[in-house]
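The values are calculated or read from the model by the stated rules, or taken from the named source; none is laboratory data. What you see is a predicted model; the values in this text were computed from it and never measured. No Cβ is skipped: glycine too gets one built from the backbone with ideal geometry, and neighbour counts run over all protein chains shown. For the accessible areas, the whole protein counts, side chains as well, though only heavy atoms, and no ligand, DNA or RNA atoms are used. Shrake-Rupley method; radii C 1.70, N 1.55, O 1.52, S 1.80 Å.
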Amino acid sequence: MKLRVHHKTTYDYDEPASTSHNHVHLALRDLPWQKCLRRELHIWPTPDAVTENVDYFGNITSSFSIFEPHPRLTVAATSEIELQKRPTIELQKSPPWEKVPSMLEGDITPAAIEACQYIYDSPFIRRSPALAEYARASFLPNRPLLSAAMDLTLRIRKEFKYTPKVTTIATSLDEILKNRHGVCQDFSHLQIGCLRSLGLPARYVSGYLDTDPPPGKPKLVGADASHAWISVYCPTFGWADFDPTNGVQPAERHVTIGWGRDFGDVSPIRGVVLGGGAHKLDVAVDVRPV
């Protein structure tokens, strides 16, 4: 299946901004089941400098600077990708979750060493006894790791309400756990926090959802903006993805941009602006079959 992804972000400033420096994560990664066929990045006004790099996590990033006064900034990324069916993971055949920390301790392979960095706290995700306690209803003694992770995914989908504009990036996991509402970013941070609080490696995945579902298929929650889900590392399987917002394992309708410790590592656009005053932000995302 081939999809076209269009992501447009516009900042309208109350007064012209004199200078802006920005960093974007909008290029799709190539993966065994995902191949980027074409990508374009358009910026208005035309920037004075643009560079492309690969960050610490292997994501493709772009940085640009504008040194002339501008009342509006628009960043539009368009990509075409080819998606194939992801490999099927037999959740019940994963090892008991309690054994995973000790398995990682004795594993010196590059994959295991890289996974261990996702066990610890990150700027937006702090481990806590409360998160561990919430997770334990799914992580019963001797339960296979990936089966338990799927159960936690389903519980978050059932017990938390998708409610836009009630949280911000500054909302703590304690508040989300208490109030039981938020958006995909919050639910992903919550699930990662639960897993890390049990000593399990988990990372944040940024991406998109197909906004035009096949006939008879429901539209997934979060399909009108950039989306987020999580990935947990299993020593015998590698990384396995779970989408707590929709209670599913990501498949052909999930498009991956990149991953990191939390949202801050893969924020679509972040930067510094001089002047401009207050601003209005508009984001439009569209993912459709080619």
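Selection within region 245-290: residues that are closer than 18 Å to residue 225 by Cβ and out of contact with any strand residue (DSSP E or B) (no Cβ under 7 Å at 6 or more places or on another chain). The member of this set that is most open to solvent (accessible area, probe 1.4 Å) is 248.
Residues that are open to solvent by 80 Å² or more (accessible area, probe 1.4 Å) and at pLDDT below 95 were ranked within region 94-112; the one that is nearest to residue 196 (Cα to Cα) is 105. One residue stands out in region 1-47 among those that are outside any strand (DSSP E or B) and either open to solvent by 80 Å² or more (accessible area, probe 1.4 Å) or β-branched (Val, Ile, Thr) (or both): the one that is nearest to residue 258 (Cα to Cα), namely 30.
Going residue by residue through region 156-171, is there one that turns out to be surrounded by 13 or more Cβ atoms within 10 Å (Cβ to Cβ) and more than 23 Å from residue 207 (Cβ to Cβ)?
Taking region 156-171 first, the residues surrounded by 13 or more Cβ atoms within 10 Å (Cβ to Cβ) are 156-157, 160, 162-163, 166-167, 169, 171.
Then keep just the ones that are more than 23 Å from residue 207 (Cβ to Cβ); that gives none.
No.
Considering region 143-206, the qualifying helices (runs of 4 or more DSSP H), each wholly inside and each with 1 or more residues that are among the aromatic types (Phe, Trp, Tyr), run over 184-197.
Here residue 56 clears all of (1) in contact with a strand residue (DSSP E or B) (Cβ under 7 Å, 6 or more places away or on another chain); (2) loosely packed, with under 14 Cβ neighbours inside 10 Å except the condition numbered (1). Entry remark, region 114-155: residues being over 18 Å from residue 179 (Cα atoms), crowded, with 21+ Cβ neighbours inside 10 Å, touching a residue at least 60 places away in the same chain (Cβ under 8 Å) and not aliphatic (A, V, I, L, M) number 2 in total.
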